[in-house]
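The values are calculated or read from the model by the stated rules, or taken from the named source; none is laboratory data. Keep in mind that what you see is a predicted model, and the values were worked out from it rather than measured. Every residue, glycine as well, gets a Cβ built from its backbone with ideal geometry; the counts of neighbours run over all protein chains shown. Calculation scope for accessible area: heavy atoms of the full protein, side chains included, ligands and nucleic acids excluded. Shrake-Rupley method; radii C 1.70, N 1.55, O 1.52, S 1.80 Å.
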Amino acid sequence: MNSWCSVIIPTLNEERHLPDTLRRLPLEEVEVVISDGGSSDNTRQIARSFGAIVVVSPPGRARQLNTGARAASGQWFYFLHADTTPPQNLSLHLRAAAQIGLPARFAVRFDREDENRWLALFGRMSKYDVSVFRFGDQSLFLSREQFQSSGGYREDHELMEGHELARRIEKSAGGFRVMNGAVTTSSRRYLRYGVVFTQLVFVLIVALYYSGIPQRRLVEIYKWAFS
């Protein structure tokens with residue numbers, strides 16, 4: 001399949017969430033590449049049942065995203081998380097962004113944000129260019145050329161790989177577009193560990209990352225908070 005746009009999704013045991021995400025994609029218009037990091041459930045079978053290309057990658061989101069990009073044939077790439085569903089009329093949003101030529105992302109809404117006002121606030125803040133409210137779940141749309149010239153995701157990053165790439169892409173492209181609409185992502189971690197606590201951990205990780213703290217320390221904080 002040779003499509004104008006390739007949707008690239010990293011997975012690891014996502015059989016619960018992946019079907020909903022794939023159902024929201026315009027499968028007749030885009031190529032879907034699932035980059036699987038070694039799932040032991042039915043993730044790969046589900047992906048193939050939707051007609052997706054499945055490639056196997058060493059685990060790690062950055063490695064999986066780069067592996068998926070190498071397997072993709074589209075001239076535009078749309079990177080999406082397995083537990084994040086795109087808005088309706090996704091193809092129209094992406095084609096409009098492609099006409100402008102800038103890399104683009106959506107705002108975020110959380111699937112259960114009506115249960116917590118803080119979640120709703122964090123989602124609204126994702127419309128703005130504020131690092132601590134720039135979620136990896138916002139997805140990323142950019143051209144093949146922009147992605148390849150950037151060098152792709154840094155595979156030495158276990159955390160902040162999306163922030164790091166978006167920052168480089170924004171500088172090289174001369175800006176970023178926030179598309180109309182919002183992707184809907186899972187609030188499972190927020191509700192399990194506490195909404196404010198979870199966001200404070202992410203704020204701390206962002207601040208330490210930009211202060212030059214090495215990845216291994218950031219991962220230790222992440223595992224301490226969410227183990």
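Per-structure values
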quantity: Cα-Cα pairs of the stretch 1-106 separated by more than 25 Å (percent); calculated: 13
quantity: At most 11 other Cβ within 10 Å, DSSP loop - GluC sites (Glu not before Pro), the stretch 1-66; calculated: E28
quantity: Shape box of the stretch 164-227 [Cα atoms, principal axes, largest first, Å]; calculated: 38, 32, 14
quantity: Residues Q88 and V203, FRET efficiency given R0 of 35 Å [Cβ-Cβ distance, rounded to 0.05]; calculated: 0.65
quantity: Average accessible surface area per residue within the chain, 1.4 Å rolling probe, Å²; calculated: 48
